[in-house]
Amino acid sequence: MSDRELTIRMVPSVGSLPADQWNALGGNRNPFVSHEFLTALEDSASVGPGTGWEPAPIIINDDAGGLLGALPSYTKGHSQGEYVFDHSWADALQRAGGRYYPKLQIAAPFTPATGPRLLMRDDLLAPHLLHAAEAVCLQSNLSSAHATFVEPEQLPYFAEGGWLLRSDIQFHWENRGYANFDEFLGELASRKRRALRKEREGAQEGVRIVNLTGDDIKPEHWDIFWIFYQDTGARKWGSPYLTREAFTLLGERMADRMVLGLAYLDDAPIAGALHFIGQDTLYGRYWGCSQDKRFLHFEMCYYQAIDIAIERGLKRVEAGAQGGHKLSRGYEPVQTWSAHWIADPGFRTAVSDFLEREREGVATDQIYLDQRTPFKKS
C-alpha cells in the first residue's frame with residue numbers, strides 16, 4: 001500500500017458510487033452489502049431523510065480514483081432496525097449527562113444477517129477504514145461507531161483496532177451434504193422427525209406453495225407480498241421499515257438473487273416469505289400472512305428454506321434474528337458478532353465491563369442450546 005496515495009472521505013450515498021467497483025469489494029458474494037440492495041433502500045426512501053438512517057458511506061480511493069475500500073455506514077438518530085440492542089447504553093449515557101445519538105452504524109439496514117462490514121480489495125486497508133470511522137465520530141460529534149453482524153473472518157481486524165466485541169445467538173441450518181429433506185430428517189431423533197413431518201403435512205394440507213425467482217416474480221406478486229409484509233411489520237415493530245417502492249426496486253435490480261414464496265388456499269394468496277440468495281447461504285428475511293394456518297409459518301420460513309438450500313447446493317440457511325422455536329426444527333445455535341467503538345473513555349470502560357458479563361451469559365446459553373438440538377445423540 002505504501003506506493004499508492006490513498007484518499008479517505010465520506011460520500012452522500014452508495015448510489016453516488018460505481019456499482020461494479022462497489023460490488024467488487026464484497027457485494028458479489030453477499031446480497032445485503034451489494035450496490036443493488038443498498039441503493040434500492042436509498043432510492044425508495046427506506047433510508048434517508050426522516051428515517052433515522054442517513055447514508056454516510058466512508059470510502060478509500062487510490063490516486064487513480066479507483067474504489068479500494070468502503071464502509072456501508074449510516075448516521076443514526078435512534079436504535080431501530082439494528083437487531084443488536086443498545087437502548088440501555090443510550091439510557092445510561094443520557095443519565096450520566098452525555099448524548100448517545102447521533103451515532104455511526106456500519107450495517108446492512110434492517111437486516112440481521114452476517115456479512116462483511118469492511119469492504120476492501122486488500123486486507124491492509126482494514127486499519128484505515130476503522131480509523132476513518134473513528135475520525136468521523138470525533139469530527140462530527142458522534143458518540144460511537146457500531147458494526148453489526150460482522151462475519152467472523154473480519155473480527156480480528158476490529159479486535160486489533162481496539163473495538164469492543166459483542167456476541168449473541170441466532171439459529172442457522174447447516175447443510176451437511178443432504179440430497180433431500182428426508183435425508184436431513186434422518187439425522188433427527190425419531191420423535192423430532194415425526195413431529196416435523198406432521199407439521200409439514202398440516203401446513204401443506206389444502207395449500208399450494210410456489211417459489212418464484214428472477215423474471216417469474218411479477219409486479220402483482222410484490223403487491224400481494226406487500227400486504228403480508230405490512231401486517232407483520234405492524235404487529236412486530238409498529239410500522240414497516242421498507243417502503244412499497246423498495247420491493248419494486250429490489251425486484252428490478254436483484255430478482256435473480258431472491259426467492260419469493262407464496263402460499264395459496266383455494267387459489268387465494270394467504271401467506272408469503274422472501275429469501276435472499278448469497279454465495280453459499282440462503283437468508284430468510286420477510287414473512288407475512290393474511291390468514292392464520294397452523295404450521296404454515298414454519299413451512300414457509302424454515303422447511304421451504306431447507307428445500308431451497310438443498311436444491312441449490314447452499315451450505316446454510318440464516319433465518320433471521322431470535323426465535324428459539326427454530327431449535328427443535330433443526331436450526332442450530334450459532335454465535336453472531338458486533339464490534340463497537342466508544343469515544344468517551346469512561347463510558348467505554350462501562351460498556352466493556354457490561355460486555356464481559358454479557359459474554360458469560362451468552363456462553364452459558366450456547367452450551368444449554370447445543371445440548372438440546374433435535375439431532376440424534378451419539
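Using only helices, what value at 222 nm comes out for the chain when you add -39,500 (n - 2.57) per DSSP H run of length 4 or more and divide by the total residues, to the nearest 500 deg cm²/dmol?
-10000 deg cm²/dmol
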Hey, can you grab everything whose amide H is under 5 Å from the amide H of residue 288? Only 5+ residues off in sequence or another chain; H modelled, so Pro and N-termini drop out.
-> 272
For residue 64 paired with residue 78, estimate the spin-label separation in nm (one decimal), with each label point 7 Å from Cα along the Cα-to-Cβ line.
-> 4.5 nm
In whole angstrom, the spacing between the Cα centers of the stretch 68-83 and the stretch 290-350 equals 20 Å
Solvent accessible area, Å² - residue 39, 1.4 Å probe, full protein context = 10 Å²
Backbone HN-Hα couplings from phi across the stretch 248-256 [Karplus 6.51/-1.76/1.60, Hz, Gly and Pro as x] = 4, 5, 4, x, 6, 9, 8, 4, 6
Hey, what's the stretch 145-235 come to in accessible area per residue, 1.4 Å probe, Å²?
-> 49 Å²
Normalise the Debye intensity by I(0) for the chain, one equal point scatterer per Cα, no solvent, then take log10 at q = 0.08, 0.10, 0.11 Å⁻¹ and round to two decimals.
-> -0.43, -0.68, -0.82
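Kindly state, to the nearest 0.05, the FRET efficiency for residue 6 paired with residue 165, given R0 = 25 Å and r defined as their beta-carbon distance.
Numbers: r = 27 Å, r/R0 = 1.06.
The value I calculate is 0.40.
What is the gain in length, in nm to one decimal, between residue 366 and residue 343 on full extension, counting 0.36 nm per residue of separation less the C-alpha to C-alpha distance?
On the way: separation 23, 0.36 × 23 = 8.28 nm, distance 3.10 nm.
Here the segment from residue 366 to residue 343 would lengthen by 5.2 nm.
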By how many nm would the segment from residue 325 to residue 353 lengthen if fully extended, with 0.36 nm per residue of separation less the alpha-carbon distance?
-> 7.0 nm
For every other residue with a beta carbon closer than 11 angstrom to the beta carbon of residue 110, add +1 if it is Lys or Arg and -1 if Asp or Glu, then tell me the sum.
-> 0
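With the cut-off at 19 Å, tell me which of the pairs 192/315; 198/326; 76/326; 192/377; 218/326; 218/315 have Cα atoms farther apart than that. Working shown, then result.
Working: 192/315 22 Å; 198/326 16 Å; 76/326 31 Å; 192/377 12 Å; 218/326 31 Å; 218/315 28 Å.
Long pairs (Cα-Cα over 19 Å): 192/315; 76/326; 218/326; 218/315.
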Residue 124/residue 92 FRET efficiency (R0 22 Å; Cβ-Cβ; nearest 0.05) | 0.05
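Subtract the Cα-Cα distance of residue 16 and residue 252 from 0.36 nm times their separation in residues, and report this length gain in nm to one decimal. Please report the intermediate quantities before stating the final value.
Working: separation 236, 0.36 × 236 = 84.96 nm, distance 1.88 nm.
The residue 16-residue 252 span can extend by a further 83.1 nm.
Heavy atoms only, probe 1.4 Å: what % of the accessible area of the chain goes to carbon and sulfur, would you let me know?
C and S fraction of accessible area: 48 percent.
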Accessible area of residue 257, 1.4 Å probe, to the nearest 10 Å²?
-> 40 Å²
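The values are calculated or read from the model by the stated rules, or taken from the named source; none is laboratory data. Here the structure is a predicted model, which means the values were calculated and not measured. Neighbour counts run over all protein chains shown; Cβ positions are idealised from the backbone, glycine included. For the accessible areas, the whole protein counts, side chains as well, though only heavy atoms, and no ligand, DNA or RNA atoms are used. Shrake-Rupley method; radii C 1.70, N 1.55, O 1.52, S 1.80 Å.
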